[in-house]
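Laboratory data are not the source of any read-out in this text; all were calculated from the coordinates shown. Every value quoted in this text rests on a predicted model; they were computed, and no experiment measured them. Here the Cβ positions follow ideal geometry from the backbone for every residue, glycine too, while neighbour counts run over all protein chains shown.
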Amino acid sequence: MTTRAWTIESGTALDVALEVLLRGPLSRAELARRLDLSQATLSRLTKPLVEQGLLIEGAARQDSAAGRPGQPLDVDASSHTFGGVTLTGEAAHIVLVDLRGTVLATQHVPLPSHHSAAVVEQVADTLDAIVRDHSDASRLAGIGVGLGGHAPDRSTVRVAPFLGWQDVPFGSMLAQATGLPCVVENDVAALTAAEHWFGGGRDVQRFALLTVGAGVGYGLVVDNRVVTHEDMGLGLVGHFPLDPNGPLCPEGHRGCARSMLTIESLTRQASLAHGRSINYDELMGLAVSGDPAARRLVDDAATGLGHLVAAVANLTMPERIVLSGEGVALATVGAEALHTAIAADRDPRASTLDIVVRPGDFSQWARGAAVVAIQDFVLRSR
Ligand SMILES: [Zn+2]
């Protein structure tokens with residue numbers, strides 16, 4: 001049986017272990033410098049961590065800053081694995097990751113129904129098969145579940161519109177079926193956490209995440225913490241006004257973010273313009289090849305996204321904005337319109353925006369959920 005959580009007593013020792021997990025391998029000299037600790041204190045703190053096997057000593061290397069050989073400290077990323085699940089209305093996307101969030105295996109399975117017991121069974125069976133094929137079941141230390149909804153206690157889903165769920169104790173049901181700790185989180189909050197620890201926001205303390213795809217998502221990290229609120233899952237940013245002449249959303253807003261940016265809205269407009277069904281990849285391909293209707297549609301949407309990026313930047317002053325989501329191709333195919341719109345809404349004296357475009361397919365959403373399980377595992381003792 002593998003450890004089910006890091007067991008670290010003191011807050012400073014946990015800070016040391018976290019620094020190594022997130023940024024290692026690191027020499028002791030570098031670690032002491034980063035955490036503002038004396039070498040003696042650091043040695044005292046790392047000794048039990050190394051003895052427990054929580055930290056390992058990597059191969060000796062030349063520590064250029066200190067000018068002497070340093071024995072870097074690292075974690076054994078393969079020591080534990082985590083399951084990550086993202087649920088849409090139609091499918092479960094499941095990944096297996098290691099302790100540093102590296103994806104080891106991915107599987108997508110259609111949901112048999114929205115009945116919660118059936119979803120639990122599907123997820124548990126699929127994860128079991130993935131683990132059997134790719135890892136050692138004894139290393140599996142937890143499962144994270146992400147969905148478009150809200151689970152305030154990180155277990156019971158208060159509401160998940162895509163699944164038609166209300167007060168479904170999904171976390172405890174899945175924990176019972178698998179015998180593992182399970183954490184349920186809003187999918188955008190989970191992806192934000194993953195970008196914070198192991199992605200586009202890993203080296204900054206304050207950043208914003210915007211996602212485009214089935215919906216429009218917004219996550220914020222301030223002082224190294226993901227900002228959470230009970231309204232997460234309502235998709236509030238989706239109705240942010242972007243274009244007074246844009247299409248109508250189902251709630252009746254003209255040119256709101258949902259009406260301008262979602263895959264469903266863009267493919268519906270493209271299909272209407274071309275008189276046949278056009279999927280998202282095809283729409284992006286047509287725009288790249290210069291099809292006038294596709295180009296206009298993509299540029300209008302990218303302009304809207306630019307206004308949204310600029311609003312987020314102007315209002316929350318992040319060090320960086322990470323763009324992701326399964327529709328994120330909009331940001332690259334429409335890059336020119338995106339940046340023109342950002343410039344139009346920013347003071348010319350304002351600092352240049354640091355914008356990072358990250359992959360946003362369903363494996364990434366599932367990885368986000370898995371990282372929430374990693375965080376629960378690592379921080380549970382805190
Ligand atoms: Zn709307």
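At a glance:
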{"item": "Antiparallel DSSP beta bridges within the stretch 143-293, as percent of all bridges there, nearest 5", "result": "75"}
{"item": "Peptides ranked, highest mean first, by Cβ atoms within 10 Å: ranges 206-219, 229-242", "result": "206-219, 229-242"}
{"item": "Efficiency of FRET from Cβ geometry, Asp281 and Glu336, R₀ 22 Å, rounded to 0.05", "result": "0.65"}
{"item": "Cα convex hull of the chain, projected area averaged across orientations, nm²", "result": "21.2"}
{"item": "Cβ-based exposure ranking for Thr81, Thr228, in which fewest neighbours within 10 Å come first", "result": "Thr228, Thr81"}
{"item": "For the stretch 145-283: Kirkwood Rh in Å [reciprocal of mean 1/r, alpha carbons]", "result": "16.7"}
{"item": "The chain: most fluctuating residue of Ala350, Ala370, Ala160 per GNM, C-alpha cutoff 10 Å", "result": "Ala350"}
{"item": "Cβ crowding within 10 Å averaged over residues, with 326-338, 29-41 ranked highest first", "result": "326-338, 29-41"}
{"item": "Rounded to 5, the percent of DSSP beta bridges in the stretch 202-357 classed as antiparallel", "result": "55"}
{"item": "Binned Cα-Cα distance frequencies in the stretch 243-292 - 10 Å width, integer %", "result": "27, 48, 24, 1"}
{"item": "Length-normalised contact order for the chain - Cα pairs under 8 Å, 6+ apart - percent", "result": "18"}
{"item": "Square roots of 5 times each gyration tensor eigenvalue, C-alpha, the stretch 202-357, largest first, Å", "result": "26, 17, 14"}
{"item": "Separation in nanometres of the label points that stand 7 Å from Cα toward Cβ, at Arg225 and Arg33", "result": "3.0"}
{"item": "Beta bridges by DSSP in the chain, antiparallel share as percent, to the nearest 5", "result": "65"}
